[in-house]
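To keep things clear, I will list the structure first and then write my remarks on it.
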Amino acid sequence: MATMRDVVFVDGVRTPFGRAGEKGMYWGTRADDLAVKALQGLLERNPEVPVERIDDVGIAATTQQGDQGLTLGRTVALLAGLPQSVPGFALDRMCAGAMTVASFMGSAIGSGQYDLAVAGGVEHMGRHPLGLDADPNPRFVAEKLVSSEALNMGITAERIHDRFPHLTKERADRFGMNSQHRVQAAYDRGDIQADLVPVAIRSAEGWSMATEDEGRRPETSMEGLAQLKTPFRPHGRVTAGTSSPLTDGATMSLLAGGDTAKELGLQTKMRLIGYGFAGVEPEVMGLGPVPATEKALRRAGMSIDDIGLFELNEAFAVQVLSFLDHFGIDDDDPRVNPWGGAIAVGHPLAASGVRLMTQLARQFEQRPDVQFGLTAMCVGLGQGGSMIWENPHYTGKKSAKKSKG
């Protein structure tokens, strides 16, 4: 990206994330309406954007059916009130859907084909559970290309524990607990709410507003986590306390060419340095961010030591721990998920990549001592994605207060 046109992250928002299922706050809300609300919120926050100049709207979803199908980028753009001249598309790379849309839009902008683009994602796991109506080709198992257990994300996490015995259940429990506590601390400071778009919701009690993430458990303790069942394997190590919950929600972001942002007077929250995607064994899909990050760093001519903030998607605690161990980073390093992560706020699959970006951008504003940050995540069926960003607020001066986490 260094020899290309500058690509900047102008802004990002998301709906509050809800617990999937009949008891979740979005049970009576359509998936596409969640995406519409997120897009409208993004545009309302940026009224100086000439909507007719948006070159494309890409919205990712993993299970593209029903109210989560029908080329979401196009339908959501129309429902949100964008001109008919603005095209749109849908994309699926499972958990890294929105991240992939953002990287592709960044490439289009960097090469001069686009000036402004919207990248987002939505997942209503209550209406559309992962794998619903999927029909995996029998050759995967018959020809031993992929173990049948590779389609169960919890078992893939157990297999990382198997492969790396030093990644103990106790370490995973402590990471899960800290995620809950850090998210609550960020809420107490008002850091997370700033980028949430309220959503009107309907239940048996009537209408109300969703204004906060529903799945948080700030009371989490090591003693409580030790008592949880291991649903994926008898006497296993992965529990609900060290896994991201099934989640409903939508995210949306605006990317632009650096020159376009300057022309239109748009804010610049981050600059894209580069990205990488990589494949790994599907049976241990959680290892995917490691080669993806190595690829992104190598292409950017950087090392892991250049990264001052990490936003790593917490599909499972052990998955993040495997990444940290590989790069020699402590479990409780204050650079890593300083405001907690998906174990606490939730992981609406294809939407999560833009949540990571939005949160990193907000942290950049508070951390002018940090020059570079990284967003990374694992992907079902054995993939990983990673994006490197530069902080436009960087001053080169060391901060007296290293972290607010």
Loop-located trypsin sites (Lys or Arg not before Pro) in region 149-255, at most 13 other Cβ atoms within 10 Å (DSSP): K229
Please compute the Kirkwood hydrodynamic radius over region 141-188, one decimal place, Å, based on all pairs of different Cα atoms. 13.0 Å
Debye-sum result for the chain in log10 I(q)/I(0), which assumes one identical scatterer on each alpha carbon, at q = 0.10, 0.13, 0.14 Å⁻¹: -0.60, -1.07, -1.26
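Restricting attention to region 209-277, which GluC sites (Glu not before Pro) occupy a DSSP loop and are surrounded by at most 11 other Cβ atoms within 10 Å?
Details: sites: E212, E214, E219, E223, E263; in loops: E212, E214, E219.
When the GluC sites (Glu not before Pro) of region 209-277 are filtered for loop state and at most 11 Cβ neighbours within 10 Å, E219 remain.
Dividing the alpha-carbon Rg of region 50-187 by 2.2 N^0.38 Å yields what?
Normalised Rg, Cα atoms only: 1.37.
Divide the volume of the convex hull of the Cα atoms of region 116-205 by its number of residues and quote the answer in cubic angstrom per residue. Display every interim value, and only then the final one.
Numbers: hull volume 22.6 nm³, N = 90.
Considering the Cα atoms of region 116-205, their hull volume per residue is 251 Å³.
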So for R0 = 25 Å, FRET eff. of A240-D325 from the Cβ-Cβ r, to 0.05, ends up at 0.60
Mind jotting down the three principal axis lengths of region 259-405 based on Cα atoms? Whole angstrom, largest first. 46, 35, 31
In deg cm²/dmol and to the nearest 500, what is the mean residue ellipticity at 222 nm of the chain if only DSSP H runs of at least 4 residues count, each as -39500 (n - 2.57), divided by the residue total? -9500 deg cm²/dmol
Below 8 Å between Cα atoms, with a sequence gap of 6+, how large is the relative contact order for the chain in percent? 27 percent
Taking the simple approach of a point 7 Å from Cα along Cα-to-Cβ for both N46 and M209, what is their distance in nm? 2.4 nm
Take the eigenvalues of the Cα gyration tensor for region 19-104, scale each by 5, and report the square roots as semi-axes in whole Å, largest first. 22, 16, 12
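Could you order the peptides 65-71, 316-322 from most to least packed, using the average number of other C-beta atoms within 10 Å per residue? Kindly include the intermediate steps, with their values, before the conclusion.
On the way: 65-71: 16.0, 316-322: 28.4.
In descending order of packing, they fall as 316-322, 65-71.
For region 198-324, build the convex hull from the C-alpha positions and give me its volume per residue in Å³.
Working: hull volume 25.6 nm³, N = 127.
Per residue, the Cα convex hull of region 198-324 comes to 201 Å³.
When you count, for each residue, the other Cβ atoms within 10 Å and take the mean per peptide, how do 132-145, 354-367, 264-277 rank with the highest first? Before the final figure, lay out each step's value.
On the way: 132-145: 10.2, 354-367: 24.1, 264-277: 20.4.
Averaged packing, sorted descending, gives the order 354-367, 264-277, 132-145.
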Computed FRET value (nearest 0.05) for T395 with E143, which takes r as the C-beta separation and R₀ as 60 Å: 0.60
Calculate, in whole percent, how much of the Cα-Cα pair population of region 141-254 lies beyond 24 Å. 45 percent
Could you please state, rounded to a whole Å, how far the C-alpha centre of region 181-199 is from the C-alpha centre of region 46-104? 25 Å
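On a full-extension model of 0.36 nm per residue, what is the gain between M4 and E365, subtracting their alpha-carbon distance, rounded to one decimal in nm?
Details: separation 361, 0.36 × 361 = 129.96 nm, distance 2.48 nm.
So the chain would gain 127.5 nm between M4 and E365.
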Ratio of Rg to Rh for region 76-152, alpha carbon only, Kirkwood? 1.11
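Hull surface divided by four, with the convex hull built on the Cα atoms of region 187-270: how many nm²?
Values: hull surface 40.0 nm².
Its Cα hull, projected and averaged over all orientations, spans 10.0 nm².
Would you please report the Å³ per residue occupied by the convex hull of the alpha carbon atoms in region 297-384? Could you put the intermediate results ahead of the total?
Details: hull volume 9.5 nm³, N = 88.
Roughly 108 Å³ of hull volume per residue.
Say R0 is 45 Å: what FRET efficiency, to the nearest 0.05, do D133 and D333 get from their beta-carbon distance? Please report the intermediate quantities before stating the final value.
On the way: r = 41 Å, r/R0 = 0.91.
E(calc), rounded to 0.05, equals 0.65.
Values in this text are rule-based calculations from the coordinates and carry no lab data. The structure presented is a predicted model; accordingly, all values stated were derived computationally and were not measured. For neighbour counting, all protein chains shown are included, and Cβ atoms are generated from backbone atoms with ideal geometry for every residue, glycine included.
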